[in-house]
Amino acid sequence: MKLEEIQNKGVFFYHDDNFILGYLSCCLAEGLYELGIPIHCNKNLNVSQYTNFIFKRTNISMHDAAVFIIDLSNFQTGGEMTRPSNLPKNTVAVTISDNATFLRSEIPILIPHQNKFYVDRKSKNIPWAFGMTNKIINEGGKEFFNFNEREKIILRNFRATNNQSIRMAGDLAFIPYLEKFFKIDSHVEDMRFRDFHLFGDSHFLRLKKYIGCAAYGGMFFEPFFSNVDNYFGTFLKTPVIFRWDSWRFWESLACGCLTFALDFEKYGFILPVLPENFKHYIGLNFENPKECFDRLEAEWENIPKIAEEGRKWAIANYSPKASAQRFLKIIMNIF
């Protein structure tokens, strides 16, 4: 497929009860629109919890668009997903689902949370990232606090989610060291009685006022039945860390925080473009947390630069426009 065809025919985003347009779809649509690519949808849709971009229904058939996108974020994984007969041949799926790593599909799927220590060559999984919408980037830049004026506080958490064994292990391994340098804010917004909404709480203000954020998260995983290699794939080591990508990481970077996460290289995290430890973020190591914090103390004068470079790196590589440009290259190579 050539770029001219995509520019002429556009990209179709599909929304119904089964394929609900979520965060990754919004990032892509926003970026493609910035690049001048026509955006089609089967419904008028305002997804203000993620983006200021509004999907508008067009009269273009899904089969007439250059690319057709379905969002599998709410798809129940655990088995095979074959291409339904009525889907256009140029179909691409996106998902933010925590379990999508184990989804077998004939359709190319953009999936975050990928890990090089887990290999599944039977699926068309394409490593992706949560990234940032322009709404997150703009929110991070509002009332931007100079790094030297920020409170010496680390935001440990702000949303309660389940299956966060990495965060709990991090509380045991890393928080005692962080407490030697900073105060820790562990206040969590109560999300139980309202719909999930990225911009419905105070965490952006805290991120912009505080010096940093403990942005690590995810869960440990290991094979738990004998035929795992036949059904899922091959684990090159165990345990493997999944669900490590999160809004918390990208929001922290967008707000210019000193961002603490697990060491991407050591733990096998796959992104289209990896951040560099102690250049864009602080990479933590369960095996030797003291080493990391000794280095932090030794390079204390570099903290403002790391925070600044992290924000620049995130916007340069994972803004909607950057993600859309990467998406176009992938599409032109696949189809």
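The values are calculated or read from the model by the stated rules, or taken from the named source; none is laboratory data. Only a predicted model underlies this, so the values are computations on that prediction, with no experimental measurement involved. Neighbour counts run over all protein chains shown; Cβ positions are idealised from the backbone, glycine included. Just the protein is used for accessible areas: all its heavy atoms, side chains included, with ligands, DNA and RNA removed. Shrake-Rupley method; radii C 1.70, N 1.55, O 1.52, S 1.80 Å.
Residues that are farther than 25 Å from residue 250 by Cα, surrounded by 18 or more Cβ atoms within 10 Å (Cβ to Cβ) and at pLDDT below 95 do not occur anywhere in the range 42-61.
Residue count for the range 22-48, restricted to those that are out of contact with any Lys or Arg (no Cβ under 9 Å at 6 or more places or on another chain) and assigned to a loop (DSSP other than H, G, I, E, B): 4. Among the residues of the range 172-199, just one is under 23 Å from the mean Cα position of the chain (by Cα) and at pLDDT 95 or above, namely 174. Beta carbons closer than 8 Å, at least 6 apart along the sequence or on distinct chains, pair a first residue in the range 33-52 that is closer than 17 Å to residue 71 by Cβ with a second that is among the hydroxyl-bearing types (Ser, Thr, Tyr) and open to solvent by less than 90 Å² (accessible area, probe 1.4 Å) for 40/58; 41/14; 41/58; 42/14; 50/23; 50/133; 51/133. Could you list, in sequence order, all residues of the range 8-26 that are at pLDDT 95 or above and open to solvent by 10 Å² or more (accessible area, probe 1.4 Å)? Result: 8, 9. One residue stands out among those in the range 148-163 that are open to solvent by less than 30 Å² (accessible area, probe 1.4 Å) and at pLDDT 85 or above: the one that is nearest to residue 188 (Cα to Cα), which is 155. For the range 9-16, check the following and say yes or no: at least one residue is assigned to a loop (DSSP other than H, G, I, E, B), under 23 Å from the mean Cα position of the chain (by Cα) and of a type in the set (Val, Ile, Thr). There is no residue in the range 9-16 that is assigned to a loop (DSSP other than H, G, I, E, B), under 23 Å from the mean Cα position of the chain (by Cα) and of a type in the set (Val, Ile, Thr). All but one of (1) under 23 Å from residue 334 (Cα atoms); (2) outside any helix (DSSP H, G or I) hold for residue 52, so report the exception by its number. Among (1) under 23 Å from residue 334 (Cα atoms); (2) outside any helix (DSSP H, G or I), residue 52 violates only (1).
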